[in-house]
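Everything on this sheet refers to the single structure shown next.
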Amino acid sequence: MEHPRKSRKAPGQIDLMALTGTYERSLDDKQRLAIPRPLKDGFRDGESEELYLAPGNEGCLALYSLQGFEALAQQMARLSTGQANVRNYLRLLYGQAERVQVDKQSRVRIPERLIQLAGLQHDVVLIGVQDHVEIWDKGRWDSFFAQHVDQFDRLTSEAMNQAIGAAGSGSGSA
């Protein structure tokens with residue numbers, strides 16, 4: 001049976017619902033993190049109980065479904081590896097990314113090196129961001145949110161203008 005909240009799929013697009021919401025959780029003593037049900041349901045990749053955990057931006061980690069990570073990999077394959085900054089980015093991304101198992105309690109174990117990379121302490125925040133989930137240290141997220149929440153209207157305008165420009169040029173998908 002199809003998940004009732006899945007989005008309609010256009011040709012060449014991934015058929016997953018947009019991941020949304022903010023959830024506070026804690027890492028347990030074995031570095032496991034419980035994935036909230038709405039996010040876990042949004043990751044549905046058939047019956048797979050695996051996800052990809054990778055470095056994110058601004059000091060967070062990014063959690064992708066297998067299908068979502070494959071879509072990211074396809075986008076990255078179109079980048080020119082003739083440029084040093086692209087090669088360095090790909091090394092850092094793929095060198096740190098790791099496939100993780102979701103256990104029967106909907107938890108994933110975060111490797112120590114990724115915990116250190118993101119500065120995760122005991123309390124963390126999971127943020128649904130369209131095709132992936134960001135995992136932030138709670139203190140870092142609170143600081144980021146406080147610094148950027150007042151910019152929401154400006155950021156909305158900039159993102160919408162960029163989306164309209166990309167759609168008008170016919171040069172890709174959002």
Could you pull out the residue among Q96, Q74, Q83 that is surrounded by fewer than 20 Cβ atoms within 10 Å (Cβ to Cβ), polar (S, T, N, Q) and in contact (Cβ under 8 Å) with a residue 40 or more places away in the chain?
Q96
Please go through the stretch 99-134 and pick out each residue that is surrounded by 13 or more Cβ atoms within 10 Å (Cβ to Cβ) and small (G, A, S).
S106, A118, G128
Of the conditions (1) more than 14 Å from A62 (Cα to Cα); (2) of a type outside the set (F, W, Y); (3) in contact (Cβ under 8 Å) with a residue 60 or more places away in the chain; (4) surrounded by 13 or more Cβ atoms within 10 Å (Cβ to Cβ), S143 satisfies every one except a single condition; which number is it?
(3)
Of the criteria (1) charged (D, E, K, R); (2) surrounded by 20 or more Cβ atoms within 10 Å (Cβ to Cβ); (3) over 17 Å from the mean Cα position of the chain (by Cα), which one D153 fails:
(2)
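Bear in mind that the values in this text are calculations on the coordinates, not laboratory data. In this text, all values refer to a predicted model and were calculated from it rather than measured experimentally. All Cβ positions, glycine included, derive from the backbone under ideal geometry; neighbour counts span all protein chains shown.
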